[in-house]
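Colleague: I'd like to ask some things about the structure below.
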Amino acid sequence: VQLQASGGGLVQTGGSLRLSCVAFGSVFEIGVMGWYRQAPGKQRELVVIVSSGGITNYAASVKGRFTISRDNAKNTVYLQMNDLKPEDTAVYYCNVQDRTGSRSYWGQGTLVTVSS
């Protein structure tokens with residue numbers, strides 16, 4: 001499975017961005033899809049994941065501001081980010097797991113910068 005993410009950029013505090021991530025290849029294997037982020041000098045952290053059945057798990061820091069969705073027909077996962085804050089600045093990575101959870105695939109990362 002290969003992943004291609006897009007949609008990052010520079011936005012002011014309070015602004016919005018929408019990230020997209022398309023999966024190619026053995027897409028019939030896809031289970032959980034999600035987004036992680038890594039800020040400068042920090043470890044990569046979970047933002048949100050969504051199961052193939054639509055169950056979500058959000059990090060507390062983004063709950064109520066970010067929304068994940070997936071289009072299984074297009075093998076795509078989206079992240080709508082509203083009310084962005086400077087602390088949301090990071091490289092955002094999409095991730096998919098196969099249906100057994102034994103394999104994990106990462107996108108190339110897309111930079112989100114929120115200016116104060």
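Colleague: Given R₀ = 22 Å, what would the calculated FRET efficiency be for Ser115 paired with Ala59, taking r from the Cβ atoms and rounding to 0.05?
Modeller: The value I calculate is 0.50.
Colleague: Work out the charge dipole of the range 12-75 with +1 on the Cβ of Lys and Arg and -1 on the Cβ of Asp and Glu about the Cα centre, then indicate which of Leu46, Gly14, Trp35 is farthest towards its positive end.
Modeller: Positive-end residue among those listed: Gly14.
Colleague: If you average the alpha carbon positions of the range 79-116 and of the range 29-50, how far apart do those two centres end up, in angstrom?
Modeller: The range 79-116 and the range 29-50 have Cα centres separated by 5 Å.
Colleague: What trypsin sites (Lys or Arg not before Pro) in the range 1-90 are in a loop by DSSP, with at most 14 other Cβ atoms within 10 Å of the Cβ?
Modeller: Of the trypsin sites (Lys or Arg not before Pro), the ones in loops of the range 1-90 whose Cβ has at most 14 other Cβ atoms within 10 Å are Lys42, Lys63, Lys74.
Colleague: Over the Cα atoms of the chain, what Rg and Dmax result, in angstrom?
Modeller: 13.4, 42
Colleague: Per residue, how much accessible surface does the range 9-101 expose to a 1.4 Å probe? Answer in Å², no decimals.
Modeller: Averaged over the residues of the range 9-101, the accessible area is 51 Å².
Colleague: Could I ask something else about it? Just the number, please: carbon plus sulfur as a percent of the accessible area of the chain, 1.4 Å probe, no ligands or DNA/RNA counted.
Modeller: 49 percent
The values are calculated or read from the model by the stated rules, or taken from the named source; none is laboratory data. Everything quoted here is computed from the prediction, not taken from an experiment. No Cβ is skipped: glycine too gets one built from the backbone with ideal geometry, and neighbour counts run over all protein chains shown. Only protein heavy atoms, including side chains, enter the accessible area calculation; ligands, DNA and RNA are left aside. Shrake-Rupley method; radii C 1.70, N 1.55, O 1.52, S 1.80 Å.
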